[in-house]
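Working notes, structure below.
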Amino acid sequence: MKFRYLGNSGLKVSELTYGNWLTHGSQVENDTATRCVRAALDVGISSFDTADVYANTKAETVLGEALKGERRESLEIFTKVYGPTGPKGHNDTGLSRKHITESINGSLTRLQTDYVDLYQAHRYDVETPLDETMETFADLVRQGKVLYIGVSEWNAEQLREAHALARELKIQLVSNQPEYSLLWRVIEDEVVPASAELGISQIVWSPVAQGVLTGKYKVGAELPAGSRATDQKGGAGMIERWLRDDVLDAVAQLEPIAADLGLTQAQLSLAWVLSNENVASAIIGASRPEQVESNAKASGVTLEADVLSRIESIFDGLAETDPRKTQMPSGREA
């Protein structure tokens, strides 16, 4: 496993981060989740990403149990705050001082740790002054509960404003967590250049487009039993946008390229994401330990310029590139 610096900081993270968005506490049994975490540790993954909102706090609990007994200093644990948890009352969501303060305390308890390495604003909160949010984050850093600050799905303008406040408060805003893959490239025109200028890295989610880029879905074929596309509670609504014949035809063209390189299509897709120098880590999920072991082989793979050109030409006109598609809620859920 290779490691990269997170933003303009001295913190190194593994090129692949193990994430438990749609799996722990919902899709897979706890013992399977634990075996997946153990597989991640065995292949050298040291970075683990979760959020309080995942499975309404259960995902954090499962991850905390799975990591119990590991040397804390050898891990980088990330979690997030914004989405509604608990009974979803009027203060159970957003980036207010109240919600952030209560959320970090709950996350630390569930994760069984005294601090998190990276605390991320899961979305931008249009209902809370950014000053209030950043000042609260700064307080958590000074209390030792949080080491670094990150965000998720923020646009370039929001990153600039938050970074300026972070500098005033003398804390480090080091990362953004956006969706990014061969099919979803909305960060490239604005977010990545701004981030590179500010010393912010990307920790990207859905690098294999919810599994579409693995090649498991074929034109004209039935959806594989047990796949994410058949799970109405586990991402089927998100993946259906890619289950078009033109997209699946393009994905099929990755197979010979991957084979020539001795890679699976998933490994090739992960290596492509990691070829972006502003990406510090790509988040992988798993419902089986074998998936973790296979995907880990993407770390350290270098794709030559001609290979990158071939890959990108296949998806020309299919990938979403509009920076306005960065996901920002118009308001809180409660």
Val141: passes all of (1) more than 17 Å from the chain's Cα centre (by Cα); (2) open to solvent by less than 10 Å² (accessible area, probe 1.4 Å) but (2)
Any residue at all in region 32-40 that's in contact (Cβ under 8 Å) with a residue 60 or more places away in the chain, in contact with a strand residue (DSSP E or B) (Cβ under 7 Å, 6 or more places away or on another chain), open to solvent by 10 Å² or more (accessible area, probe 1.4 Å) and not aliphatic (A, V, I, L, M)? no
Select, from Val151, Val247, Val251, Val191, the only residue that is modelled with pLDDT of 95 or more and touching a Pro at 6+ places or on another chain (Cβ under 7 Å). Val191
Count, please, the residues in region 302-334 that happen to be more than 22 Å from Thr128 (Cα to Cα), in a loop (DSSP other than H, G, I, E, B) and in contact with a Ser or Thr (Cβ under 9 Å, 6 or more places away or on another chain). 3
Looking only at residues that are within 17 Å of Val212 (Cβ to Cβ) and among the hydroxyl-bearing types (Ser, Thr, Tyr) in region 286-320, which one is nearest to the chain's Cα centre (by Cα)? Ser287
Determine whether Ala258 is in contact with a Gly (Cβ under 9 Å, 6 or more places away or on another chain), part of a helix (DSSP H, G or I) and open to solvent by less than 10 Å² (accessible area, probe 1.4 Å). yes
Anything in region 13-23 that is touching a Phe, Trp or Tyr at 6+ places or on another chain (Cβ under 7 Å) and either modelled with pLDDT under 95 or open to solvent by 20 Å² or more (accessible area, probe 1.4 Å) (or both)? List them, or say none. Asn20, Trp21
Selection over region 43-75 where residues are open to solvent by 20 Å² or more (accessible area, probe 1.4 Å), under 16 Å from Ser14 (Cβ atoms) and either touching a residue at least 12 places away in the same chain (Cβ under 8 Å) or not in a helix (DSSP H, G or I) (or both) yields a count of 6
Wholly inside region 123-230, helices (runs of 4 or more DSSP H) that include 3 or more residues that are touching a residue at least 24 places away in the same chain (Cβ under 8 Å) and farther than 15 Å from Asn278 by Cβ are 130-142, 156-169
If you check Arg324 against the conditions, is it more than 19 Å from the chain's Cα centre (by Cα) and of a type in the set (D, E, K, R)? yes
Within region 108-115, is even one residue surrounded by fewer than 18 Cβ atoms within 10 Å (Cβ to Cβ) and of a type in the set (A, V, I, L, M, F, W, C)? no
Tell me which of these Ile283 doesn't satisfy, since it passes every other one: (1) surrounded by 15 or more Cβ atoms within 10 Å (Cβ to Cβ); (2) at pLDDT 95 or above; (3) part of a helix (DSSP H, G or I). (3)
Selection within region 321-334 - crowded, with 17+ Cβ neighbours inside 10 Å and over 16 Å from Ala209 (Cα atoms): Pro329, Arg332
Per-region count, region 76-104, residues assigned to a helix (DSSP H, G or I) and either in contact (Cβ under 8 Å) with a residue 12 or more places away in the chain or open to solvent by less than 10 Å² (accessible area, probe 1.4 Å) (or both): 6
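The values are calculated or read from the model by the stated rules, or taken from the named source; none is laboratory data. Just so it is clear, the structure is predicted and the values come from calculations on it, not from any experiment. Cβ: placed from backbone, ideal geometry, glycine included. Neighbour counts: every protein chain shown. Accessible surface areas use protein heavy atoms only, side chains included; no ligands, DNA or RNA. Shrake-Rupley method; radii C 1.70, N 1.55, O 1.52, S 1.80 Å.
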